[in-house]
1. With the requirement that a residue be surrounded by fewer than 18 Cβ atoms within 10 Å (Cβ to Cβ), more than 10 Å from the chain's Cα centre (by Cα) and of a type in the set (F, W, Y), what does segment 27-76 give you?
2. Quick one: would you say E55 is free of Cβ contacts under 8 Å to residues at least 12 places away in the same chain and not basic (K, R)?
3. Cβ-Cβ below 7 Å, separation at least six or inter-chain, first residue in segment 1-24 and within 12 Å of N74 (Cα to Cα), second small (G, A, S) and in a loop (DSSP other than H, G, I, E, B): which pairs?
4. Is it fair to say S58 is among the hydroxyl-bearing types (S, T, Y) and modelled with pLDDT of 95 or more?
Amino acid sequence: MHYLLIYNLSPEYLERRSKFRDEHLALAWKAHENGDLVVGGALQEPADQAFLLFEGASPDAAEEFAKTDPYVKNGLIEKWEVRPWMTVVGNMASSPVKPAE
């Protein structure tokens with residue numbers, strides 16, 4: 001199953017992130033190497049949200065990531081939530097659904 005970790009970024013996110021970026025990226029790459037984090041990044045113009053796609057049997061990995069993320073701990077993230085995402089189309093879909101023939 002896929003889970004989206006959705007971050008609402010603070011207005012100071014771009015100005016403040018450099019201090020915490022290496023620690024955040026190390027955490028993200030570790031989650032990727034563990035097979036939990038598929039892909040992640042922030043929206044641009046405006047940089048007001050970020051989305052991280054996790055894969056697993058439960059939302060636990062995504063929730064633990066957010067709780068330990070230096071961006072969250074240091075106020076760069078105003079709000080976060082984890083949502084189950086039923087992906088149905090594409091090679092990476094967790095629950096592929098094809099049209100009836």
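The values are calculated or read from the model by the stated rules, or taken from the named source; none is laboratory data. None of these values were measured; they are calculated from a predicted model. Don't worry about glycine lacking a Cβ; one is built from the backbone with ideal geometry, like all the others, and counts go over all protein chains shown.
1. The one that is surrounded by fewer than 18 Cβ atoms within 10 Å (Cβ to Cβ), more than 10 Å from the chain's Cα centre (by Cα) and of a type in the set (F, W, Y): W29.
2. no
3. Short answer, once both residue conditions are applied: L9/A47; S10/G75; Y13/A47.
4. When the stated conditions are applied, S58 passes them.
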